[in-house]
1. Just want the ordering: Cys297, Cys150, from fewest to most Cβ atoms lying within 10 Å of their own Cβ.
2. Can you tell which of Cys193, Trp143, Ala33 lies farthest toward the positive end of the dipole of the chain, using +1 and -1 charges on the Cβ of basic and acidic side chains (Lys, Arg; Asp, Glu)?
3. Quick check: pseudo-label points 7 Å beyond the Cα along Cα→Cβ at His147 and Arg239, how many nm apart are they?
4. Restricting attention to the chain, give the cysteines that have no other cysteine Cβ less than 4.7 angstrom from their Cβ.
5. Using label points projected 7 Å from each Cα along Cα→Cβ, tell me how many nm separate Ala173 and Arg100, to one decimal.
6. In debye, nearest 20, what is the charge dipole magnitude of the range 13-146 about its Cα centre with +1 on Lys and Arg Cβ and -1 on Asp and Glu Cβ, if you could check?
7. 222 nm [θ] for the chain, helices only, -39500 (n - 2.57) per DSSP H run of 4+, per residue, to 500?
8. At R0 = 51 Å, how high is the FRET efficiency between Thr68 and Leu272 if r is their beta carbon distance? Nearest 0.05 is fine.
Amino acid sequence: MTDATLRRERSTLTGFADNRLDRREDLRNKPDAVTALRHRSDTRIAAVAGETPVLNRTGEDQLSIWFTHGETEMLGPALEEIFLGMAEDGSPRFGRLLDRSLIEPLTARPELMLTDLRSIALKGMVPTEEVGPLGEAKAVLDWHARHRFCAQCGGPTIAGASGWRRECTSCGALHFPRTDPVVIMLVTRGESCLLARQSRFAPGMYSCIAGFVEPGETLENAVRRESWEEAGLRIGTVRYLASQPWPFPSSIMVGCIAEALGDEITLDLTELEDGRWFPRSEVLQMLEGTHPDGLACPQHIAIASTLVRAWALEGEQP
Ligand SMILES: [Zn+2]
């Protein structure tokens, strides 16, 4: 893919999108080859304790998700290890799940930093190109931690395919890591768009509405259903704009722009605290940080920011 193609692709602007690992799916069922990669001196390993990523202080004010062999052994025993892929420099990359009981002792070590994945992405605590692989590692390792038993027969499962599958030891069923689609949409009406807030948002923060895609519906119909349920709005045209891996714990956000067929908003107050039409001029103030009431849009890592910018700054329409 050329740089020009990537620049045109809005998904590249979202957090967790920059993942340059070559996943080498062809190697996953070759345990001898993967074991050989695991033992190479240039192999690097990312670690997650429970749900908390472990970062390596590589210099003053410098953090990295990657550990050498020796550093990894000092972290504690692995509950699971997965093969993430090959880095651009040709070095193998793995992910390692540690027991959550290690969070406290590891936090006490000055050469380490333990914090949640959202903060790491939001605050830019590690180089941008490391955020995507960390999201990949955490999503798959989380899945292992939550799928120790077979959904079919209840028997214990074990990891297979270099960490990309779980196998039931009782009935033989194979289970694969899930990615759950969520639609997130900027609903527009001419020169205004719908922004809403949940009570857990930071004060003054307004964002797009969103919801899980349900079995048996298209992405477009999920946008229409969620817009009706959350805001009482009927929707005409729906258009895809961008997507974002969202490893909390294992979603893919599908970002759309949608055309409302009416003006009257009826909010679902069990989900939303507030919401209304925002004229483009007001959205521009929110993006620039000059809104008179201090209202704001989500941070750049969130796909909601990508959607709002596409409409307000670049003139995208449904
Ligand atoms: Zn089973």
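1. On the way: Cys297 24, Cys150 20.
The most exposed by this proxy come first: Cys150, Cys297.
2. Positive-end residue among those listed: Ala33.
3. 3.6 nm
4. Isolated Cys, the chain: Cys193, Cys208, Cys256, Cys297.
5. Label-label distance for Ala173 and Arg100, simple model: 2.4 nm.
6. On the way: 17 positive and 23 negative charges, 47 e Å.
Using only the charged Cβ atoms, the result is roughly 220 debye.
7. Details: 9 runs with 81 residues, N = 318.
After summing the helix terms and dividing by the residues of the chain, the value is -7000 deg cm²/dmol.
8. On the way: r = 47 Å, r/R0 = 0.92.
In this case the efficiency is close to 0.60.
Since every read-out is calculated from the coordinates, none of them should be taken as a lab result. Fair warning: this is a prediction, and the values are worked out from it, not measured in the lab. All Cβ positions, glycine included, derive from the backbone under ideal geometry; neighbour counts span all protein chains shown.
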